[in-house]
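**Student:** Got a structure for you, questions after.
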Amino acid sequence: MFQIKAKILYNKRVKSRFYRCSFSAADIAENASPGQFVNIRISNGDTPLLRRPLSIHRTKGSSIEVLYEVIGPGTKILAKKKAGEILDVVGPLGEGFKYNLPGVKRVILAGGGMGVAPLLSLAQDIRCGRKTVLIGARTKKEILCARDFKELGFEVKISTDDGSAGFKGRVTALLVEFLRNNETTPATKSGGSAKTCGGKQRNNETTIYACGPKPMLCAVDRICVECGIKGELSFEEHMACGFGACLGCVVNTKQGYKRACTEGPVFETGEIIWDK
């Protein structure tokens, strides 16, 4: 972990209220893994008091890029920052994805809204013959990073809540449809749910990585468990300190409560105890 004064290289709007900010951070970039995050001090004053945790969107040489949505006072201040200004950045933080595992022949990424942010960094490093990304958004205007994933060799499938582009419905419904039509083997007595998997079961050659709102992650977790597919979930928890001290971002697991900022933000499917 490093704390550095990072010079902003660019901070530009990419769509609507979504921005990409790149800054020089050689030590962080060289040591970062997909799924980790940085904690950024937005202002030198007291407002906002806490740092802002942002997923590492991708690395480019000695620089880090983050993707963020302007939704509160902190991100409003960040959106006004210009190239050449300095940010106080701590990172890399957290536990990232486990990827390029032996025997895996198909990788599926599923991102809901801003959930695509850490998945692009993962896509940069994936070495797999069959790789697909499912991108979910509320409307066509809010679809993020489709071109970036295509440039990395991913098959891209889109879902929108209003049907303005691609599949009409949630990205989890698109995931179920995709699984029913791809990489299936006959179900066994210990196989997956007929409702979710079309009466078919997958093997360990497929892995799913997902990030997005908690209801989406809950649905992906259920799909993975029912279909016998391994997966990992990246949580978008509210983090106050980013170091595991405040216990404000705990996630309930079968091994007890774990801190998203240190033991996470990535957790394996089948491990989470979801609120009822």
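The values are calculated or read from the model by the stated rules, or taken from the named source; none is laboratory data. All values reported here derive from a predicted model rather than from experimental measurement. Neighbour counts are summed over all protein chains in view; Cβ atoms, including those assigned to glycine, are modelled from backbone coordinates with ideal geometry.
**Student:** Identify, please: which residue in region 62-93 is modelled with pLDDT of 95 or more and part of a loop (DSSP other than H, G, I, E, B) and is, among those, farthest from Arg13 (Cα to Cα)?
**Tutor:** It comes out as Ser62.
**Student:** Report those strands (runs of 3 or more DSSP E) wholly inside region 206-276 carrying at least 1 residues which are within 14 Å of the chain's Cα centre (by Cα).
**Tutor:** Hits in region 206-276: 206-211, 230-234, 266-268.
**Student:** So, one more: Taking the condition of being touching a residue at least 40 places away in the same chain (Cβ under 8 Å), closer than 21 Å to Leu144 by Cα and of a type outside the set (S, T, N, Q), how many residues in region 24-74 meet it?
**Tutor:** Within region 24-74, residues that are touching a residue at least 40 places away in the same chain (Cβ under 8 Å), closer than 21 Å to Leu144 by Cα and of a type outside the set (S, T, N, Q) number 17.
**Student:** Also: Counting just the residues of region 227-271 that are farther than 12 Å from Phe37 by Cβ and among the polar types (S, T, N, Q), which one comes out surrounded by the most Cβ atoms within 10 Å (Cβ to Cβ)?
**Tutor:** Taking the candidates together, the pick is Thr269.
**Student:** Where residues in region 111-132 are within 24 Å of Val38 (Cα to Cα) and β-branched (Val, Ile, Thr), which of them is surrounded by the fewest Cβ atoms within 10 Å (Cβ to Cβ)?
**Tutor:** To start, the set of residues in region 111-132 that are within 24 Å of Val38 (Cα to Cα) comprises 111-126.
Of the ones still in play, those that are also β-branched (Val, Ile, Thr) are 116, 126.
Details: Val116: 28, Ile126: 21.
That would be Ile126.
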